[in-house]
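Before any comments, here is the structure.
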Amino acid sequence: MGLQQNDMLPLDGNAAGGLLRELFALDLTNAEITCGGCGASAPIGAIRVYGGTMGAVLRCAHCDTAVLRIAHTPAGLFLDMHGARRLFVAMPP
Amino acid sequence: MPATEAVPASDPTPPPRLRWMTAEVREVIDETPRVRSLVLHLPEWPGHKAGQHVDVRLTADDGYQAQRSYSIASPPRAGMVTLTVERLEDGEVSSYLAGDVRAGDKFELRGPIGGYFVWTPVLGGPLFLVAGGSGVVPLMAMLRQRIATNTNVPATLLYSSRSFDDIIYRAELDEIGGQGVTVVHTLTRTQPEGWRGLSRRIDRAMLEATGFAPSERPRIFICGPTPMVEAAARDLRDLGHAPSLIKTERFGPTGR
Amino acid sequence: MSEPPVSRGFRGRGRAGQSVRVPPGQHLVTDFPVLSAGPTPEPDLASWSFALEDGDSPIGEWSWAQFGALPQTDITVDIHCVTTWSKLDTRWRGVSIDTLLEAAGLSEPPGPFVLVHCEGGYTTNVPSEDLVDRKGMIATHFGGEPLHPEHGGPARLLVPHLYFWKSAKWVRKIQFLDSEQPGFWEELGYHIYGDPWREQRYAGD
């Protein structure tokens with residue numbers, strides 16, 4: 001599953017949008033994720049993503065903790081969230 | 001409560017499950033020697049917002065598949081999506097899309113994807129768009145949307161290209177100026193004879209001179225190679241723009 | 001589910017069956033692609049150390065200077081990345097795991113499995129027997145030059161007979177364990193062993 005053409009530089013959570021939409025019913029690029037390492041919050045779309053074509057490793061801009069790790073393998077999609085404390089998705093009532 | 005402001009709330013109606021659709025190439029437009037736009041026909045296209053992207057999947061006749069993401073260049077329009085692709089050296093997918101592909105060819109597409117890096121007229125402005133290389137693509141969708149809806153939102157595009165011949169959508173951008181829309185080019189590597197425009201990489205001074213004052217609370221969208229995006233975002237924060245008004249999208253490296 | 005449409009003229013990269021040196025599903029590259037699970041750490045040789053541990057007990061530790069004073073090994077090997085690129089005849093210099101065990105006073109690994117720990121928190125796992133008998137080394141030079149940070153410098157593990165995600169960049173510690181513990185990618189569905197010749201990319205392959 002290619003997130004990017006060249007694995008050299010990190011992209012961001014926008015590039016992981018399609019991967020996340022495979023699992024979640026809503027777009028998550030606008031969701032605010034709180035880092036379990038340092039407590040900083042940021043929209044997923046703004047967060048650096050590493051891992052190239054192996055998977056998506058979203059890392060906190062302040063402390064580099066991996067807040068989300070995703071790999072889509074032939075068996076299915078793995079999501080490791082233990083580096084995140086909280087996710088907030090704005091929804092109107 | 002999280003300290004975000006003016007965050008577009010997710011649509012309460014869950015969008016349909018993202019699925020692969022077949023797109024047919026209707027028209028191929030050579031934008032620059034390395035960049036090409038593909039006008040695609042997809043009758044099932046659910047519509048999109050400026051700034052969103054799609055995932056493209058190609059299948060070879062032996063079943064081999066490759067997948068990449070591309071920003072949508074066109075403003076919302078039923079049944080039609082335009083992608084602009086830069087042909088990267090050694091690019092498995094881009095060398096096909098910006099090379100061999102011709103009208104009538106088909107491939108798979110899923111989308112639209114993204115809710116963060118999105119501008120809709122209801123978000124208002126002013127609008128400051130900062131583009132590096134092929135990062136101009138989603139920003140062009142925003143600019144085209146701004147013009148199509150004919151709002152009076154002031155909009156400025158600051159666009160960095162390697163050379164004059166590398167400016168994507170050059171003719172269209174030449175005609176766009178006026179009615180509250182400003183286009184500023186900077187050419188970072190070579191400039192044509194007689195060039196009187198900017199000729200250096202985007203920096204803090206250029207952002208300050210071409211953008212809007214923080215007191216005007218512009219919606220800022222930055223798209224391009226990772227180092228350029230991160231430097232520009234930092235400079236704009238240092239200039240006093242609220243971080244929540246600065247949206248970023250990092251593209252893969254363009255022409256090192 | 002209908003078959004996906006074939007994109008006329010799309011060939012993708014050259015694939016299997018090119019040469020006996022290229023494992024199934026791989027293609028050859030002449031550059032050296034970079035893939036990282038995190039940011040490239042800033043090298044700091046003054047504070048760098050490499051350690052061997054048996055469970056939680058330290059059994060050896062070397063500073064950069066001490067590491068450089070150990071007997072060095074030069075090898076030329078082919079490397080294979082799970083993302084399908086392969087690179088032939090890559091030249092490396094470093095200290096073999098055999099040498100490190102010997103320097104720690106051990107004739108064999110103290111445990112059957114290894115968890116590899118790296119700067120930035122990346123981990124991977126290999127069976128101990130896949131590191132000894134000249135199968136693994138801590139590499140500090142590539143192509144005759146000091147290993148560049150984006151390729152894992154100052155030092156990375158090199159286990160070329162397995163997929164290259166096992167050749168962990170920015171290695172700092174090798175921990176011997178009694179039971180197999182999956183590392184970073186292995187926990188996300190990648191194969192626990194990773195033999196390119198059996199195309200063991202993902203768990204269950």
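So, B:G135, is that one within 14 Å of chain A (Cβ to nearest Cβ), assigned to a strand (DSSP E or B) and in contact with a strand residue (DSSP E or B) (Cβ under 8 Å, 6 or more places away or on another chain) or not? Judged against the criteria, B:G135 is not a match.
Just one of (1) in contact with a helix residue (DSSP H, G or I) (Cβ under 8 Å, 6 or more places away or on another chain); (2) away from chain A (no Cβ under 14 Å); (3) of a type in the set (A, V, I, L, M, F, W, C) fails for B:M206. It is (1). Would you confirm, using the coordinates I've provided, whether C:G136 is farther than 25 Å from C:D78 by Cα, out of contact with any Lys or Arg (no Cβ under 8 Å at 6 or more places or on another chain) and buried (at least 16 other Cβ atoms within 10 Å of the Cβ)? For C:G136, the condition - farther than 25 Å from C:D78 by Cα, out of contact with any Lys or Arg (no Cβ under 8 Å at 6 or more places or on another chain) and buried (at least 16 other Cβ atoms within 10 Å of the Cβ) - is not met. Of everything in the range A:71-86, what is more than 14 Å from A:G39 (Cβ to Cβ) and either away from chain C (no Cβ under 14 Å) or touching a residue at least 60 places away in the same chain (Cβ under 8 Å) (or both)? Give them in sequence order. Across the range A:71-86, the qualifying residue is only A:H72.
Flag set for B:L129, criterion: at pLDDT 95 or above and away from every other protein chain (no Cβ under 12 Å). Taking the range C:39-59 as the search range and keeping residues that are among the small types (G, A, S) and at negative phi, which one is nearest to the other protein chains (Cβ to nearest Cβ)? So, considering only residues that are among the small types (G, A, S) and at negative phi, the one nearest to the other protein chains (Cβ to nearest Cβ) is C:S47.
Within the range A:9-22, none of the residues are in contact with an Asp or Glu (Cβ under 9 Å, 6 or more places away or on another chain) and more than 10 Å from chain B (Cβ to nearest Cβ). From B:G114, B:G99, B:G63, grab the single residue that is buried (at least 24 other Cβ atoms within 10 Å of the Cβ) and either outside the structural domain of B:R237 (by TED's automatic domain parsing) or under 18 Å from the mean Cα position of the chain (by Cα) (or both). Of the residues listed, the single one that is buried (at least 24 other Cβ atoms within 10 Å of the Cβ) and either outside the structural domain of B:R237 (by TED's automatic domain parsing) or under 18 Å from the mean Cα position of the chain (by Cα) (or both) is B:G114.
Let's see how each residue does on (1) of a type in the set (F, W, Y); (2) within 13 Å of the chain's Cα centre (by Cα); (3) over 13 Å from C:A37 (Cβ atoms):
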{"residue": "A:L28", "(1), (2), (3)": "no, yes, yes"}
{"residue": "A:I33", "(1), (2), (3)": "no, yes, yes"}
{"residue": "A:T53", "(1), (2), (3)": "no, no, no"}
{"residue": "A:I70", "(1), (2), (3)": "no, yes, no"}
{"residue": "A:L87", "(1), (2), (3)": "no, yes, yes"}
{"residue": "A:P92", "(1), (2), (3)": "no, no, yes"}
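Let's see how each residue does on (1) crowded, with 23+ Cβ neighbours inside 10 Å; (2) in a helix (DSSP H, G or I):
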site: C:T140; (1), (2): no, no
site: C:G153; (1), (2): no, no
site: C:H161; (1), (2): no, no
site: C:W165; (1), (2): yes, yes
site: C:K169; (1), (2): yes, no
site: C:F176; (1), (2): no, no
site: C:S179; (1), (2): no, no
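Selection of the range C:154-205 for residues being closer than 17 Å to C:G121 by Cβ, in contact with an Asp or Glu (Cβ under 7 Å, 6 or more places away or on another chain) and within 14 Å of chain A (Cβ to nearest Cβ) yields C:W170, C:E187, C:L188. Within the range C:50-105, if we keep just the residues that are of a type in the set (D, E, K, R) and surrounded by fewer than 15 Cβ atoms within 10 Å (Cβ to Cβ), the residue that is farthest from C:W185 (Cα to Cα) turns out to be C:E102. Contact map, the range B:199-221: first residue of a type in the set (F, W, Y), second residue assigned to a helix (DSSP H, G or I), Cβ cut-off under 7 Å, separation 6 or more or different chains; pairs are B:F221/B:L139; B:F221/B:M142. Looking across the range B:16-51, the residues that are touching a helix residue (DSSP H, G or I) at 6+ places or on another chain (Cβ under 9 Å), within 14 Å of another protein chain (Cβ to nearest Cβ) and not aliphatic (A, V, I, L, M) come down to B:R17, B:R34, B:H48, B:K49, B:G51. Listed here are the strands (runs of 3 or more DSSP E) enclosed by chain A that have at least 1 residues being crowded, with 23+ Cβ neighbours inside 10 Å: A:32-35, A:41-43, A:48-50, A:56-59, A:66-73.
The values are calculated or read from the model by the stated rules, or taken from the named source; none is laboratory data. Please read all numbers here as calculations on a predicted model, not as lab measurements. A quick note on method: Cβ atoms are made from the backbone with ideal geometry, for glycine too, and the neighbour counts reach across all protein chains shown.
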